[in-house]
Amino acid sequence: MLAALFAGFALALQTQDSGTAGRTEPAPVAERDSHLALNLGLFRTGVSLGNSERWTGIRLNFRDAGVTRASGFSFTLWKAKQAGNRDARLTGIALGLVGPEAGTIRGLSIGVVGVMSHRDMAGINVGGGGLISEGSIRGINVAGLGTVSLGRTTGITVGGLGIFAKQGADGLTAAPLAVVTGGEARGINVAGIALVSNETIKGVNVGGIGIFARRQIAGLNVASLAIVGQGDVLGFNVGGLAVSSKGRVGGITVGGLLVSSKESVEGLTASLYRVDTKDLIGISVAPYHRVRGAQRGLAIGLLNDAKELHGIQIGLLNHAGNNPAGLRWLPVLNFH
């Protein structure tokens, strides 16, 4: 009977050393992670108190070091030993007074200070201070201060101050200060001050002060100060002061003082001061139109100036550079 009890319900104080296979001599004590744990269970399953290397069930530890796998419920008081938990995989519920840290995190992870993964994290991730991943962050991600991912963020990502996603962001991404991505940002992107992408921004994009992309900006784009794209700016665009692009500006565009493009402004355009572009296509309303190339459509303003007109100008003074000499400058109405 006693033997059966011990076999079915083992209470052991175990010390396991990882990474020693194939060594002829033991590593110095300073280089080895001690897996001292008081384990209640069988086949690495049950309840573990201490730094068990692999465990399924309930695991309570002061500080993780050299853990390879923990499934179920894990709780730690202190941050993981520096670089000592890079290969760990946490699955299930991982809680920490400072915060969970592992190579891969799956499930629900909550850290009072933060949560850190050296590869990626997925699930519901909450960090009182921040969420940090050397890879991707996926799921519902909430950080009191900031979220930093060297991969992509996917899902719902909210940063108390800011969000940085090196390879881009998908889904709902929001922060009261700034959202910065090195890759494409797609979905609903909201930043209290600035929304910045080194690639393209697509979807519903709101920058409290500005939106900037090195490539295309497309969708519903609103900023109180400026929308600036080095590529095309397309869709419904509202810039409190300006909408500007080195590519095309197209769709419905409203720029408080300026709408400008080095290529073309297309669609329905309005500004309180100036529309400045190479080609103007569609209907535009602004006090001053400066069209360095061809205007095709209707321009309504005070001064309308087009090098080449294929449409109508209505204003106090209108210039069509391709009209005959006596008809190039006309008041009220000009056409070609």
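The values are calculated or read from the model by the stated rules, or taken from the named source; none is laboratory data. Predicted, not measured: the structure shown is a model, and the values here were computed from it. Cβ: placed from backbone, ideal geometry, glycine included. Neighbour counts: every protein chain shown.
Within the range 56-114, how many residues turn out to be part of a strand (DSSP E or B), among the hydrophobic types (A, V, I, L, M, F, W, C) and closer than 20 Å to Gly135 by Cβ? Lay out the reasoning, then the answer.
Residues of the range 56-114 that are part of a strand (DSSP E or B), as a first pass: 56-61, 69-76, 89-96, 101-111, 114.
Narrowing further to those that are among the hydrophobic types (A, V, I, L, M, F, W, C): 58, 60, 70, 73, 75, 90, 93-95, 102, 105, 108, 110.
With the extra rule that they be closer than 20 Å to Gly135 by Cβ, the set shrinks to 70, 90, 94, 102, 105, 108, 110.
Selection size over the range 56-114: 7.
Just give me the residues in the range 111-147 being β-branched (Val, Ile, Thr) and out of contact with any Pro (no Cβ under 8 Å at 6 or more places or on another chain), in sequence order. It would help to see each step written out before you state the result.
Kept after step one, since they are β-branched (Val, Ile, Thr), are these residues of the range 111-147: 112-113, 115, 124, 126, 132, 137, 140, 142, 147.
Across the range 111-147, the qualifying residues are Val112, Val113, Ile124, Val126, Ile132, Ile137, Ile140, Val142, Thr147.
List every residue pair whose Cβ atoms sit under 6 Å apart, with the two residues 6 or more apart in sequence or on different chains, where the first one lies in the range 96-107 and is farther than 10 Å from Ala80 by Cβ and the second, anywhere, is among the basic types (Lys, Arg).
The qualifying pairs are Gly103/Arg86; Gly103/Arg119; Thr104/Arg89; Thr104/Arg119.
Could you please give the count of residues in the range 211-229 that are more than 15 Å from Thr181 (Cβ to Cβ) and either touching a His at 6+ places or on another chain (Cβ under 7 Å) or part of a loop (DSSP other than H, G, I, E, B) (or both)?
So the count comes out to 2.
Give the number of residues within the range 155-210 that are more than 9 Å from the chain's Cα centre (by Cα) and outside any strand (DSSP E or B).
Residues in the range 155-210 being more than 9 Å from the chain's Cα centre (by Cα) and outside any strand (DSSP E or B): 11 in total.
To keep it simple, each residue is scored yes or no on (1) buried (at least 17 other Cβ atoms within 10 Å of the Cβ); (2) closer than 29 Å to Ile188 by Cα; (3) of a type in the set (Asp, Glu).
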{"position": "Phe62", "(1), (2), (3)": "no, no, no"}
{"position": "Gly66", "(1), (2), (3)": "yes, no, no"}
{"position": "Ala102", "(1), (2), (3)": "yes, no, no"}
{"position": "Gly111", "(1), (2), (3)": "yes, yes, no"}
{"position": "Asn125", "(1), (2), (3)": "yes, yes, no"}
{"position": "Val142", "(1), (2), (3)": "yes, yes, no"}
{"position": "Thr157", "(1), (2), (3)": "yes, yes, no"}
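Has the range 15-22 got any residue that is modelled with pLDDT under 85 and part of a strand (DSSP E or B)? Working first, answer last.
Let us first name the residues in the range 15-22 that are modelled with pLDDT under 85, namely 15-22.
Narrowing further to those that are part of a strand (DSSP E or B): 15-16.
Within the range 15-22, one or more residues are modelled with pLDDT under 85 and part of a strand (DSSP E or B).
Taking the range 129-144 on its own, how many of its residues are under 11 Å from Val158 (Cβ atoms) and part of a strand (DSSP E or B)?
So the count comes out to 5.
Listed here are the residues, each with its yes/no results for (1) in a strand (DSSP E or B); (2) without any contact (Cβ under 8 Å) to a residue 24 or more places away in the chain; (3) surrounded by 18 or more Cβ atoms within 10 Å (Cβ to Cβ).
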residue	(1), (2), (3)
Val249	yes, no, yes
Val259	yes, no, yes
Gly267	yes, yes, yes
Ile283	yes, yes, no
Arg292	yes, yes, no
Gly311	yes, no, yes
Pro331	yes, yes, no
